Amino acid sequence: MYNYTIELLKKLAIKYDVYSFASEIRIVDVWYNDKFYVFQFENNFIGFSEVNKDNVGFDTIPDEKFYDAEMFKQKLLTILEVE
């Protein structure tokens, strides 16, 4: 799902940054429609957080965890407004 996410962001010309760690975890920061999202690609789940004034996001615990790739894909397509 990491590769799918990056390819989709590139295709839609959406601003993002990737942080890769030795543990093979990747963090993808995404800016879209005046919102800031963080995706955590962990070994056994994908984390999702929306960072805003109520959720400053300075922690390692995501707002949502996805263990099913298809459910994450639906969330991604929804926030990026892709039909």
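The values are calculated or read from the model by the stated rules, or taken from the named source; none is laboratory data. This one's a predicted model, so the numbers in the text were calculated from it and none came from an experiment. Every residue, glycine among them, receives a Cβ derived from its backbone with ideal geometry; neighbour counts consider all protein chains shown.
Return yes when Thr5 is modelled with pLDDT of 95 or more and either out of contact with any Lys or Arg (no Cβ under 7 Å at 6 or more places or on another chain) or assigned to a helix (DSSP H, G or I) (or both) and no when it is not.
On the way: modelled with pLDDT of 95 or more: yes; either out of contact with any Lys or Arg (no Cβ under 7 Å at 6 or more places or on another chain) or assigned to a helix (DSSP H, G or I) (or both): yes.
Yes; evaluated as a whole, the condition is true for this residue.
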Within region 60-73, the residues that are in contact (Cβ under 8 Å) with a residue 60 or more places away in the chain and either part of a loop (DSSP other than H, G, I, E, B) or touching a helix residue (DSSP H, G or I) at 6+ places or on another chain (Cβ under 8 Å) (or both) are Lys73
Leu76 fails exactly one of (1) surrounded by 11 or more Cβ atoms within 10 Å (Cβ to Cβ); (2) assigned to a strand (DSSP E or B), namely (2)
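Mind listing just one residue for me: the one in region 34-59 that is in a loop (DSSP other than H, G, I, E, B) and surrounded by 10 or more Cβ atoms within 10 Å (Cβ to Cβ) and, of those, modelled with the highest pLDDT?
Result: Phe45.
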